[in-house]
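Encoded as structure tokens, the structure appears first; notes follow it.
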Amino acid sequence: MDVHGWSRWVVALVGAALVTAGVSAQPRRFVNVATGGTAGVYFPLGSALARLWTERIPGVQATAQATGASVANVRLLQRGEVEVALAQNDIVYYAFNGVEMFSRDPQTRLRGMAMLYPETIQIVTLRQKNINSVADLAGKRVAVGAPGSGTEVNARQILRLYDIGYAQTRQTHGLARTVQADFLSFAEAADQLKDGVIDAAFLTAGVPTAAVQDIAATRDLKIVPVPEVAANRLRERYPYYTPVVIPPNTYRGQTEAVPTVAVMAMLVTRSDLAEDLVYELTKTMWENVVVLHQAHARGRDVRLESARAGMPIPLHAGALRYYRERGIR
Ligand code: GLU
């Protein structure tokens, strides 16, 4: 190659480098989305959101990660290890205000993005176990949720309402009646219930929950009710519980409606994220909310009109900007 040829090469190379630099001059913004266990609802919804944000927002690289769920997620946010998380509204309220399990470490960096869909407290057992009420769980081996889950908090609060504590921890609080509590993910709980290792499992998640469908596919499933009287007493102590009914035939073999309680799933972010970034994440989610509708049945409950309804903590400024633009109060 002559000098001319070389110089043309150099010009071409430098040109290519400039084009590449031009593209990546847009700073890469990493958005980690904390979800829950893979057999829950947070995981498919969080994964759908991460895909959407990566595809639609230039420079954004979003990734969903499996976690222990709500309690773990708000702590990951506070520590700056994730940018967005799914979590229950009761847990987010406790975290931000430094009450219940957060009394020593309020999670003040949390900011709201959107309210999502109801999460039902499902106490699942097998018909042959003869467990008909929460009181019947005393003396049994019960999966109470993964470590760091909101499920575990709900299990503890509901058992406590019936004066039942965990046998192996100080949370027994001198209660005479106890359960042998196992801290299991939804997938582990489903396997162990099917195998007869445990007697019952708590799951707080949108219905139908994959792990419960999995049990119902091969076993005679029963869902233990939380009757209205109990639900009302629970609400007096913890106002985020709402009485709900699991409709008949939500799961194979579940022919009757089951009264229980529910909380709300929500999307949370961090106060130190740039307003523009959170604005774009919020806007992109609502403009493409159909991806959530497709990812899980409860995704259909996710509606812009109710995005702020019952929001337990202050909204992030970027989310607020979007809702103001759209006239959502
Ligand atoms: N709400 C559950 C929890 O925080 C997780 C639900 C899910 O993974 O869909 O324990």
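The values are calculated or read from the model by the stated rules, or taken from the named source; none is laboratory data. Keep in mind the model is a prediction, meaning the values are calculated, not measured. We place every Cβ from the backbone using ideal geometry, glycine too, and count neighbours over all the protein chains shown. Note: accessible area is taken over every heavy atom of the protein model, side chains too, but ligands, DNA and RNA are not part of it. Shrake-Rupley method; radii C 1.70, N 1.55, O 1.52, S 1.80 Å.
General remarks:
- Surface share of carbon and sulfur [accessible, 1.4 angstrom probe, percent] for the chain: 52 percent
- Comparing mean-square fluctuations of 247, 312, 44 from a GNM of the chain with C-alpha springs under 10 Å, the top value falls on 247.
- Once backbone amide H atoms are built at 1.01 Å from N, residue 246 has 258, 260 as its partners under 5 Å, excluding neighbours fewer than 5 places away on the same chain.
- Rolling a 1.4 Å probe across the protein heavy atoms gives the chain an accessible surface of 45 Å² per residue.
- Computed [θ] at 222 nm, helices only, for the chain once each DSSP H run of length n ≥ 4 contributes -39500 (n - 2.57): -11500 deg cm²/dmol
- D by Stokes-Einstein for the chain, Kirkwood Rh over Cα pairs, 25 °C, 0.890 mPa s: 116 µm²/s.
- Within-12-Å neighbourhood charge of residue 185 [Cβ basis; K, R +1; D, E -1]: -4
- A Gaussian network model of the chain, with springs between Cα atoms under 10 Å, assigns the largest mean-square fluctuation among 101, 311, 264 to 101.
- Long-range tail of P(r) for region 46-115 (Cα pairs > 22 Å, %): 24 percent
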